[in-house]
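K.L.:
The structure is given below, and queries will be raised subsequently.
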Amino acid sequence: MKVDKILLALFLTVFAGKTLAEVVYVGGTLHTLNRSDFQPSGDTKFTAFVDVIGDFGQDLVFSINGTIGGQGDQNVLSFPVCFSPHHPPGPGVCHIWGADQRFSKKFRYIAEIQVTCSGRAIGSDMDNKNQLSDIEIANKYREVKLLVNKRLSTQGECKRLKIDLIAPHTETYIPILPPDLFPFHPPIEVLKRGSISKIDLTVLIAEIF
């Protein structure tokens, strides 16, 4: 009976015009995903969807792992500088303000994977290649390894796997405001979608016998 259901699902999938690249079969072979399978989603994510065939409520092992690569970030911080001080000198007076730019000592590349199936949480993982540096880092490309390995039963509800990849990029800056009018302003951080140029993932959903 289970075999008949899988064959029927395969028949419908083929004639619906879908390709095998969009489907993973429980107990099947490794399914691969690359950068072209993912699309930007929300403010910080890249997302791929994969249909799942063969979940009838049995215990399953979800194994999603691979390599994510992209450009890390080393923020350039801008500090206010007086280029045209008042003459004769006066306390806290400047006619022209500019910016002095310095590289942050913090280089960051972080990547995270979040996996759900039909709205049910499967698992997540995170890795980073952060480092401290007193100088500008020329080669900013980094790679991290991510792994989700989870055994569970979705009670037959796993029909569509959703894989989110997140490489948050935090831009930090100090507003260029005249210090004589604004003596102190804390740095502002803005979270944006980071760089993911390489995705090499394998997906396997296996039965427990």
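K.L.:
Counting only residues that are surrounded by fewer than 14 Cβ atoms within 10 Å (Cβ to Cβ) and not basic (Lys, Arg), how many does region 119-133 have?
P.N.:
Total satisfying the criteria: 6.
K.L.:
If I filter region 87-105 for residues that are modelled with pLDDT of 85 or more and either in a loop (DSSP other than H, G, I, E, B) or over 15 Å from the mean Cα position of the chain (by Cα) (or both), do I get at least one hit?
P.N.:
no
K.L.:
Moving on to the next point. Right, residue 57: farther than 30 Å from residue 130 by Cβ, modelled with pLDDT of 70 or more and more than 30 Å from the chain's Cα centre (by Cα) or not? Full working, then the answer.
P.N.:
Working: farther than 30 Å from residue 130 by Cβ: yes; modelled with pLDDT of 70 or more: yes; more than 30 Å from the chain's Cα centre (by Cα): yes.
Answer is yes for this residue.
K.L.:
Now for a different question. Taking region 23-38, which residues are more than 16 Å from residue 204 (Cβ to Cβ) and either modelled with pLDDT under 90 or loosely packed, with under 13 Cβ neighbours inside 10 Å (or both)?
P.N.:
Within region 23-38, just 36 meets the criteria.
K.L.:
Which condition does residue 41 not pass, out of (1) over 30 Å from residue 137 (Cβ atoms); (2) modelled with pLDDT under 90, if it passes all the others?
P.N.:
So residue 41 meets the others, but not (1).
K.L.:
OK, next. Of all residues in region 28-48, which are out of contact with any helix residue (DSSP H, G or I) (no Cβ under 8 Å at 6 or more places or on another chain), assigned to a strand (DSSP E or B) and closer than 18 Å to residue 166 by Cβ?
P.N.:
33, 34, 39, 40, 41, 45, 46, 47
K.L.:
Let me ask something else. Mind counting the residues in region 138-170 that are outside any strand (DSSP E or B) and either surrounded by 13 or more Cβ atoms within 10 Å (Cβ to Cβ) or charged (D, E, K, R) (or both)?
P.N.:
The total comes to 7.
The values are calculated or read from the model by the stated rules, or taken from the named source; none is laboratory data. What you see is a predicted model, and the numbers here were worked out from it, not measured in a lab. A quick note on method: Cβ atoms are made from the backbone with ideal geometry, for glycine too, and the neighbour counts reach across all protein chains shown.
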